[in-house]
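Notes for the one structure printed next.
Please treat every number below as a calculation from the coordinates, not as lab data. As the structure is a computational prediction, the values presented were derived from the model and not from experiment. Counting neighbours? That spans all protein chains shown, and the Cβs are built from the backbone with ideal geometry, glycine included.
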Amino acid sequence: MTPAASVQYLQSLGAEMRPGRKFDLAEIGVLLEALGEPQRAFPSVHIAGTNGKGSTAAFIAAALRAAGHRTGLYTSPHLQRLNERIRVDGADIEAEPLARAATQVRDASEALLAQGRLPHPPSFFEVMTAIGFLAFAAAGIDWAVVEVGLGGRLDATNILQPPNVRLAVITPIGMDHEAYLGSTLAAIAGEKAGIIKPGLEAVLTAAQVPEAMAVLERHAAAAGVPLIAVAPPLELASGPEGRFRPTIVYQGAALELTPPLRGRHQADNAILAAQTCARLGVPAHAVEAGIAHAYWPGRLEKIGEHPEVFVDGAHNPLAARVLAAFLDERAAADPAVAAPILIYGSMRDKAVDEICELLFPRARAVVLTAPDQPRALAPQALARACGPLAAQFEIAAGYPAALAAACRLSQGEAPIFVTGSLYLVGEAREYARQQGALWV
């Protein structure tokens, strides 16, 4: 396939989550077997959790690169281009390698369907996972850092098995995707803990609420794998624009980390990444340099100035609490900072009531819109459900109109935060790029 045809093929596979579709690892296993088991060509680190997976994965991959390793980074979802999901040595996969791998996966899938070895075509995420592993094997990477797409136990990435997968990493667990993972925190933690397998060197976990930690402890004990809960920092210093500098013990000495991403939670993600790297034997200088230069877009990222425009994918209650804490800390640090204008849009399957209760009262005004996605919640429905939580709200059809309304409401002084859905964040970044104002 040509690069253009490969993108059309991938887009034709439809939504990642289709109601009623039952996932297991048998089908991705059959597909990867036909492709020569590319996931066995490299060692890997596997990351699950509710929030912070992508940032933690980016920190780990950056530290490995700084140590001289050729790395692959597999994450989801993408913000603007499919290529973002598969990164080799810090760069999005290029069009030609993506097309080659997509062609191999499509041809193998069609042959397996014709032979009756697959009951139905692989899902979009299964195909992307197979493409990622093929691309990593072809690139000759030294390490893969692989983020779970949804849950863990039945996620396509969980085809990774020891000894190839060396460490499991669990970021903070909260309520999200209840329709697929369960309605209790214990049930969701059980799905995330599905990446814990006998033969792993260790499981590293961020601080968890007791209910989730108990589940992780049971799974680790059953698998005979040591569970390492990351210790808090020796010191946590605040830096410019909401950035934090944690000091930790690394290989017996104090090491200050300087993650460039905003928010206290990113200090926690950096600590988890650093302690993961310690288990891999990454030198301290590489951890320091890699984390300092890591890049992860769409998370408290500034994309505009005059007025300031930030994007943050606060798409579940745990992420909304993180954004609320950032807004509170920002206001406390500088009382002259005006209350923000929120541009908010969400998918229908999200806990919008709880998210809006956390965010809307902190805003001067809210502009309700919808991402350009079939599963988007109509802004009119948002207004009926959550409008009363805002001091003032407006409805806008699409992101450009929402930004224009937010700029008018800002009066040039209040910062604008675009949040709710990563799809909306992607649209905001693409619009800023088209306007030549993405990097400020």
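Listed values, structure above:
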quantity: Farthest positive-ward along the chain dipole, Cα basis, beta-carbon charges - from T369, A95, H120; calculated: H120
quantity: Distant-in-sequence amide H partners of V165 (H built 1.01 Å from N, under 5 Å); calculated: S44
quantity: Mean ellipticity per residue at 222 nm, deg cm²/dmol - from DSSP H runs of n ≥ 4 across the chain, formula -39500 (n - 2.57); calculated: -12500 deg cm²/dmol
quantity: Partnerless Cys - the chain, beta-carbon criterion under 4.7 Å; calculated: C277, C407
quantity: Stokes-Einstein D for the stretch 301-434, Kirkwood Rh over Cα pairs, 10 °C, 1.306 mPa s (µm²/s); calculated: 111 µm²/s
quantity: Number of Lys pairs (Cα under 27 Å; 8 or more positions apart or on different chains) in the chain; calculated: 10
quantity: Per-residue Cβ neighbour rank within 10 angstrom, fewest leading, M1, M347; calculated: M1, M347
quantity: Rounded D (µm²/s) - the stretch 92-192, Kirkwood Rh over Cα pairs, Stokes-Einstein at 4 °C, 1.567 mPa s; calculated: 83 µm²/s
quantity: Gain on full stretching of the segment that runs from E217 to D107 - 0.36 nm per residue minus C-alpha separation; calculated: 35.4 nm
quantity: DSSP-loop trypsin sites (Lys or Arg not before Pro) across the stretch 146-236, with at most 11 other Cβ within 10 angstrom; calculated: none
quantity: Ascending count of other beta-carbon atoms within 10 Å, so fewest first, for D328, D312; calculated: D328, D312
quantity: Cα coordinate range in the chain, projected on the principal axes (Å, largest first); calculated: 60, 54, 41
quantity: Rounded to whole Å, sorted largest first: equivalent-ellipsoid semi-axes of the stretch 222-364, Cα gyration tensor; calculated: 31, 19, 13
quantity: Gain on full stretching of the segment that runs from R279 to A26 - 0.36 nm per residue minus C-alpha separation; calculated: 88.0 nm
quantity: Paramagnetic label zone (point 7 Å from Cα along Cα-to-C-beta, A338; backbone N under 12 Å) in the stretch 392-415; calculated: 406-415
quantity: Under 17 Å from the D142 label point (7 Å along Cα→beta-carbon), backbone N, the stretch 278-292; calculated: 278-291
